[in-house]
Amino acid sequence: MQSEEDIGFIRMALEEAVQAFDKGEVPVGALVVLNGEIIGRAHNLRETTKDPSAHAEILALRAATSVSDSWRLLDATLYVTKEPCIMCSGAIINSRISRLVYGCRDSKAGGVNSLYHILSDSRLNHQVGVVSGVLENECVSLLQRFFKERR
């Protein structure tokens with residue numbers, strides 16, 4: 001269930017996504033929040049860095065682990081504007097994030113609900129609580145505008 005806090009943090013993740021948009025990157029933004037405090041934030045940088053792993057989620061997790069001084073983010077929540085892909089879902093599991101909140105689904109590459117259900121797979125050693133659809137229209141609109149301008 002989404003809360004006012006979830007909406008507020010997705011709004012901030014959208015600000016990150018706009019920064020990606022302005023750089024010509026697919027507009028996805030992410031935040032890692034622990035005890036109400038942002039400990040990691042990022043946006044997509046694949047084109048800028050020429051790094052296929054430079055997704056917003058991966059970069060936000062890296063920033064958070066450098067602040068927390070541990071690879072385990074046990075009580076943290078990851079906020080992201082678009083459903084994480086398979087790679088990012090694996091990183092979420094490995095980082096032990098407790099909760100994921102995302103804006104819109106990704107029917108072509110989603111690793112959480114759309115194509116795969118990695119975060120809820122009981123065969124894995126960790127499962128993640130998921131809230132989806134937070135500010136979905138705003139998240140979809142930004143992505144659609146980006147791809148429309150690229151065509």
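The values are calculated or read from the model by the stated rules, or taken from the named source; none is laboratory data. Remember, predicted model here, so these are calculated numbers, not experimental data. Here the Cβ is made from the backbone with ideal geometry for all residues, glycine too, and neighbour counts use every protein chain on show. Quick note on the areas: whole protein, heavy atoms, side chains included, nothing else; ligands and nucleic acids left out. Shrake-Rupley method; radii C 1.70, N 1.55, O 1.52, S 1.80 Å.
Given (1) assigned to a loop (DSSP other than H, G, I, E, B); (2) aliphatic (A, V, I, L, M); (3) open to solvent by 30 Å² or more (accessible area, probe 1.4 Å), identify the lone condition not met by Leu73.
Condition (3) is where Leu73 drops out.
Scan the range 78-100 and give yes if some residue there is closer than 24 Å to Lys23 by Cα, touching a residue at least 60 places away in the same chain (Cβ under 8 Å) and of a type in the set (D, E, K, R), otherwise no.
yes
Scanning for something small (Gly, Ala, Ser), surrounded by 16 or more Cβ atoms within 10 Å (Cβ to Cβ) and in a strand (DSSP E or B), does the range 45-58 turn up at least one residue? Don't jump to the end; show me each part of the working.
Let us first name the residues in the range 45-58 that are small (Gly, Ala, Ser), namely 53-54, 56.
Still in the list and also surrounded by 16 or more Cβ atoms within 10 Å (Cβ to Cβ): 54, 56.
With the extra rule that they be in a strand (DSSP E or B), the set shrinks to none.
Scanning the range 45-58, I find no residue that is small (Gly, Ala, Ser), surrounded by 16 or more Cβ atoms within 10 Å (Cβ to Cβ) and in a strand (DSSP E or B), so the answer is no.
Only one of (1) closer than 24 Å to Leu142 by Cα; (2) in a helix (DSSP H, G or I); (3) open to solvent by 30 Å² or more (accessible area, probe 1.4 Å) fails for Lys108. Which number is that?
(2)
Could you please let me know if Val80 is aliphatic (A, V, I, L, M), open to solvent by less than 20 Å² (accessible area, probe 1.4 Å) and in a loop (DSSP other than H, G, I, E, B)?
Details: aliphatic (A, V, I, L, M): yes; open to solvent by less than 20 Å² (accessible area, probe 1.4 Å): yes; in a loop (DSSP other than H, G, I, E, B): no.
Criteria not met by Val80.
Conditions tested, residue by residue: (1) among the β-branched types (Val, Ile, Thr); (2) within 13 Å of the chain's Cα centre (by Cα); (3) part of a strand (DSSP E or B); (4) closer than 20 Å to Ile7 by Cα.
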| site | (1), (2), (3), (4) |
| --- | --- |
| Ala30 | no, yes, yes, yes |
| Met87 | no, yes, no, no |
| Gly90 | no, yes, no, no |
| Tyr102 | no, yes, yes, yes |
| His126 | no, no, no, no |
| Val134 | yes, yes, no, yes |
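If Glu25 satisfies every condition in (1) open to solvent by less than 20 Å² (accessible area, probe 1.4 Å); (2) closer than 20 Å to Gln127 by Cβ; (3) among the acidic types (Asp, Glu) but one, which is the exception?
All conditions pass for Glu25, except number (2).
Check Val130 against each of (1) outside any helix (DSSP H, G or I); (2) in contact with a Lys or Arg (Cβ under 7 Å, 6 or more places away or on another chain); (3) open to solvent by 10 Å² or more (accessible area, probe 1.4 Å) and name the one condition it does not meet.
(2)
Just need a number here: residues in the range 83-105 that are in contact with a Ser or Thr (Cβ under 9 Å, 6 or more places away or on another chain) and either surrounded by fewer than 18 Cβ atoms within 10 Å (Cβ to Cβ) or basic (Lys, Arg) (or both).
4
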